[in-house]
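Some notes on the structure that comes next.
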């Protein structure tokens with residue numbers, strides 16, 4: 001029997017990429033998954049396909065920049081299943097651009113989604129986990145949380161912040177696990193809508209050696225399926241060919 005059997009797991013940014021791959025794999029291993037994202041039409045398809053293969057999935061519209069949305073998302077899991085075992089804070093954006101392009105609106109967006117979004121997920125789920133006496137957070141950072149590259153200064157800053165927030169939460173928690181997943185370059189929709197030509201060029205070069213979202217999903221599942229009392233604090237998953 002999988003250690004995931006029956007666990008209730010909420011996933012943000014679940015409409016594509018790492019979030020979608022993680023939801024599918026967790027459900028296949030027996031978890032009950034709640035999917036959150038803005039694209040509910042896509043979530044509906046994923047939830048239906050999970051159900052058709054014998055899994056259990058629900059979905060809810062979620063804008064992680066809204067604290068009330070995050071609270072309603074977690075409340076949905078508790079109302080449906082009576083608890084929340086794992087919160088996967090995965091939603092993120094990556095509009096790369098040189099600093100002198102002055103994409104201030106995109107800087108704000110990255111701060112709101114990549115930092116505030118994680119904080120809102122923690123604020124919504126932490127009281128639930130404290131009441132029930134345990135749980136886990138999985139916060140998705142990036143290799144950009146360890147190194148800074150041209151066009152990525154603000155994105156990397158937000159992912160460094162995810163590491164700091166997660167480490168602080170880990171140090172303060174004796175009954176709640178905290179894992180940071182730091183993916184290297186991965187085949188996802190992340191960054192596909194960026195407006196800066198230099199950023200697009202950089203992303204195209206990065207993605208020549210990209211690994212699949214499923215590769216990151218397996219790392220998340222590994223962290224989540226550990227027994228109580230075992231806390232995997234960080235997993236970095238890079239393409240073998242990656243120099244950074």
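Readers should treat all values here as calculations from the given coordinates under stated rules, not as data from a laboratory. Quantities reported herein were computed from a predicted structural model and do not represent experimental measurements. Ideal geometry is used to build each Cβ from the backbone, glycine not excepted, and the neighbour counts take in all protein chains shown.
Worth pointing out:
- Counted by neighbouring Cβ atoms within 10 Å, the residues 174, 65, 179, 158 run from fewest to most as 174, 65, 179, 158.
- Fraction of antiparallel bridges per DSSP, the stretch 8-237 only, in percent to nearest 5: 0 percent
- Tilt relative to the chain, helix 40-52 - C-alpha long axis, 0 to 90 degrees, to 10: 50 degrees
- Acute angle (nearest 10 degrees) that the helix 213-224 long axis makes with the longest principal axis of the chain, alpha-carbon atoms: 40 degrees
- The distance from the alpha carbon centre of the stretch 105-130 to that of the stretch 9-74 is 17 Å, rounded to a whole number.
- Restricting the calculation to Cα atoms, every distinct pair contributes to the Kirkwood radius of the stretch 1-66, found to be 11.4 Å.
- Cα-based shape type of the stretch 67-132, given that a ≥ b ≥ c are square roots of the gyration tensor eigenvalues and the cut on a/c is 1.5: prolate
- Mean residue ellipticity (222 nm) of the chain, computed from DSSP H runs ≥ 4 via -39,500 (n - 2.57), nearest 500: -13500 deg cm²/dmol
- Among 78-89, 12-23, 94-105, the order from most to least packed when residues are scored by Cβ within 10 Å on average: 12-23, 78-89, 94-105
- Residue order, fewest to most surrounding Cβ atoms within 10 angstrom, among 137, 73: 137, 73
- Rg and Dmax of the stretch 98-187, both derived from C-alpha coordinates alone, stand at 14.6, 48 Å.
- Rounded to the nearest 10 degrees, the angle from helix 117-132 to the longest Cα principal axis of the chain is 20 degrees.
- Ranked by how many other Cβ atoms sit within 10 Å of their own Cβ, fewest first, the residues 160, 244 fall in the order 244, 160.
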